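The values are calculated or read from the model by the stated rules, or taken from the named source; none is laboratory data. All values derive from a computational prediction rather than experimental measurement. Glycine gets a Cβ as well: all are built from the backbone with ideal geometry, and neighbour counts include every protein chain shown.
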């Protein structure tokens with residue numbers, strides 16, 4: 001064996017690691033990492049790159065504009081309005097879903113019979129697609145004509161027909177958007193809460209009863225809720241992330257062939273129309289996406305701090 | 001490539017060997033001339049609602065013998081699909097487009113088709129050819145002319161003692177009178193008219209979206225006055241909103257949910273079938289004294305992608321189908337849906353367009369038709385449509401809303417002007 005071959009052999013040994021561990025690491029992690037790079041990090045970087053160019057109808061632009069896209073996006077009241085829409089929506093949907101799914105879980109948990117049945121019934125909507133649910137809400141439950149379900153029920157009491165999705169004063173469209181999301185989500189989070197509830201040791205409740213805690217609010221406040229803390233944190237985080245991603249039901253409820261109305265337009269919908277609609281202003285759209293990503297990053301970090309995520313459990 | 005039974009039959013005159021090599025050499029769209037039919041071209045259409053259209057366009061493509069044209073029938077958001085596909089080589093060679101947009105032309109995404117029009121340019125409807133023209137060059141061949149107009153139920157108007165509205169004021173009054181507990185007066189789309197009407201009320205007030213010399217065309221108090229009438233319609237609760245199918249579909253009108261509806265000429269056969277003689281058509285009534293009524297006209301055009309590997313062949317095909325084969329153009333316009341042929345010579349010969357409401361519609365298109373100018377870019381349209389929606393639904397002040405639209409639109413016009421210089 002020549003000296004060169006021996007050196008190559010040694011190098012290979014070192015690279016592969018003891019018992020080929022490095023090799024196996026890359027065999028298993030490599031494909032995933034590659035996918036992540038190709039489908040997430042490259043587009044992400046590209047989007048940041050595009051945001052500094054006048055990129056109409058092109059992904060390989062040549063017209064560098066610096067921060068112009070950012071300033072025009074921040075001055076654009078349609079974009080800032082969409083951020084507000086999003087804040088209002090999150091501020092409402094997160095606590096509402098939280099309370100609703102927790103109450104469902106508490107009720108189902110107390111059932112002695114038919115618990116499995118009720119659990120499935122409440123969970124089933126989670127298996128329905130947002131698009132399908134949005135279309136059912138739009139076309140049959142909350143359509144604006146007299147034979148829509150909501151209008152038929154109101155008609156029994158002599159009320160006039162309401163165009164739910166077209167009325168901005170009062171903003172009835174929120175009722176439609178919020179109910180469809182509640183219906184779809186509540187069951188899923190109920191299951192998470194149920195799992196949390198069933199992990200609470202019955203001895204705690206027995207001890208509380210012995211100590212004279214009144215069943216009901218006192219037990220809930222001092223035993224159940226503190227014991228559910230980890231579940232609650234997880235549920236809140238998931239709810240906020242889901243609210244960030246709001247697109248499907250908004251788009252399917254409110255868009256039509258000619259575009260999207262200027263109300264209830266969350267940032268993702270607005271950016272979709274700016275960058276990918278007929279406008280194809282990919283530079284401006286990318287700048288908006290980067291701004292949105294910054295907002296999400298700040299909120300997520302703040303949230304993690306608030307809940308003490310990542311800190312070692314004491 | 002998926003070989004349909006049709007393409008198999010179509011190439012049946014070639015030998016089996018030819019077919020085999022055609023399959024074997026299938027590398028997508030840049031196949032060779034192995035089966036004697038020339039290069040492979042892909043042609044995109046958006047999904048037409050009328051039965052038979054898809055078969056017809058496939059039949060046309062099969063009849064072309066200088067290239068192997070495969071038709072893609074694309075449901076869904078067609079504008080978004082083509083816009084994205086034009087960024088790559090795997091997009092269509094020939095495609096129909098509700099445009100092309102100014103940015104697509106300026107960005108060099110579509111091929112100049114001016115030379116296809118040699119000797120026939122004057123035979124094309126000038127109103128719809130104008131938005132396909134930029135810098136004196138033509139970028140798409142208009143396929144058919146579409147227009148929108150107002151449908152009304154004659155019997156319901158007669159019961160209320162009204163005549164078809166001649167002015168926007170009258171339209172507001174008529175719609176209010178026709179509204180009952182069961183039937184609404186007017187349907188302008190589920191968004192209250194912001195999307196379907198667009199610039200029509202401005203043209204009916206004697207204004208325009210963009211003037212011929214590229215300035216904002218509605219910086220005028222008459223614009224706010226015209227748009228405030230749409231608010232009145234909404235406030236009177238005369239508008240049908242939230243119907244299961246939107247304005248482009250005549251269902252709400254034929255089902256009796258509304259006494260009048262804004263829709264397209266394409267809906268006329270369905271309305272006629274359902275209501276017989278009990279309907280009439282009108283243009284959008286004049287919105288200012290001394291102004292004329294208005295109807296929007298437009299045309300899907302056939303364009304060639306600049307990234308096509310076979311630009312010349314694609315141009316030849318477009319010329320063959322949309323310039324030379326007039327009997328196909330006639331068939332496409334009149335046999336399935338209901339459109340006005342883009343060629344004046346064909347429109348004159350179309351019998352179905354010479355009587356009844358169809359004849360009225362053609363007259364409106366000729367006398368009162370306006371096409372959205374090329375400089376009216378998607379960004380301007382969104383700004384205007386948002387403002388219109390706020391005026392109609394939320395009662396926003398038309399003057400201040402329009403002021404901010406004028407500001408945005410003139411910035412957008414500056415941008416496209418700078419790009420062209």
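Worth pointing out:
- Scanning the range B:193-209 for residues that are assigned to a loop (DSSP other than H, G, I, E, B) and either under 13 Å from residue B:288 (Cβ atoms) or more than 14 Å from chain A (Cβ to nearest Cβ) (or both) turns up B:205, B:206, B:207, B:208, B:209.
- Selection of the range A:233-259 for residues being assigned to a loop (DSSP other than H, G, I, E, B) and in contact with a helix residue (DSSP H, G or I) (Cβ under 6 Å, 6 or more places away or on another chain) yields A:247, A:258.
- Hey, residue A:204 in the same structural domain as residue A:101 (by TED's automatic domain parsing), in contact (Cβ under 8 Å) with a residue 12 or more places away in the chain and closer than 18 Å to residue A:132 by Cβ or not: no
- Qualifying residue in the range B:210-218 (condition: closer than 21 Å to residue A:151 by Cα and either in contact (Cβ under 8 Å) with a residue 60 or more places away in the chain or part of a helix (DSSP H, G or I) (or both)): no
- Residue within the range B:374-389 that is in contact with a helix residue (DSSP H, G or I) (Cβ under 8 Å, 6 or more places away or on another chain), over 23 Å from residue A:72 (Cα atoms) and modelled with pLDDT under 95 present: yes
- Per the listing A:77, A:63, the residue uniquely farther than 30 Å from residue A:233 by Cβ, surrounded by fewer than 17 Cβ atoms within 10 Å (Cβ to Cβ) and assigned by TED's automatic domain parsing to the domain that holds residue A:285 is A:77.
- Pairs where the first residue, in the range A:76-87, is away from chain B (no Cβ under 14 Å) and closer than 12 Å to residue A:246 by Cα and the second is at pLDDT 90 or above and not in a helix (DSSP H, G or I), C-beta under 6 Å, 6+ apart: A:86/A:266
- Of the helices (runs of 4 or more DSSP H) lying entirely inside the range B:226-319, those carrying at least 3 residues that are within 14 Å of another protein chain (Cβ to nearest Cβ) are B:251-254.
- For the range A:245-258, a residue qualifies if it is within 26 Å of residue A:50 (Cβ to Cβ) and surrounded by fewer than 20 Cβ atoms within 10 Å (Cβ to Cβ), and the qualifying residues are A:245, A:247, A:248, A:251, A:255.
- The set of residues in the range B:375-405 that are at the interface with chain A (Cβ under 7 Å from one of its Cβ atoms), under 19 Å from residue B:228 (Cβ atoms) and out of contact with any strand residue (DSSP E or B) (no Cβ under 7 Å at 6 or more places or on another chain) comprises B:386, B:389, B:390.
- Comparison of A:278, A:218 shows that the only residue that is free of Cβ contacts under 8 Å to residues at least 60 places away in the same chain and within 30 Å of residue B:192 (Cα to Cα) is A:278.
- Selection count where residues are farther than 25 Å from residue B:211 by Cα, touching a strand residue (DSSP E or B) at 6+ places or on another chain (Cβ under 9 Å) and loosely packed, with under 15 Cβ neighbours inside 10 Å, scope the range B:116-159: 1
- Qualifying positions in the range B:99-113 - within 21 Å of residue B:372 (Cβ to Cβ) and either in contact (Cβ under 8 Å) with a residue 40 or more places away in the chain or part of a helix (DSSP H, G or I) (or both): B:99, B:100, B:101, B:102, B:103, B:104, B:105, B:106, B:109, B:110, B:113
- Boolean, residue B:83 is part of a helix (DSSP H, G or I) and away from chain A (no Cβ under 14 Å): no
- Any hit, the range B:53-60, residues being over 24 Å from residue B:345 (Cβ atoms) and surrounded by fewer than 20 Cβ atoms within 10 Å (Cβ to Cβ): yes
- Any hit, the range B:114-128, residues being within 14 Å of chain A (Cβ to nearest Cβ), modelled with pLDDT of 90 or more and not in a loop (DSSP other than H, G, I, E, B): no
Table: residues versus (1) within 13 Å of another protein chain (Cβ to nearest Cβ); (2) under 18 Å from the mean Cα position of the chain (by Cα); (3) farther than 21 Å from residue B:389 by Cβ.
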| position | (1), (2), (3) |
| --- | --- |
| A:229 | no, no, yes |
| A:246 | no, yes, no |
| A:252 | yes, yes, no |
| A:258 | yes, no, no |
| A:264 | yes, yes, no |
| A:293 | no, yes, yes |
| A:297 | no, yes, yes |
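Rundown of residues vs (1) surrounded by 19 or more Cβ atoms within 10 Å (Cβ to Cβ); (2) under 27 Å from residue B:207 (Cα atoms), yes/no style:
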position	(1), (2)
B:318	yes, no
B:331	no, no
B:351	no, no
B:375	yes, yes
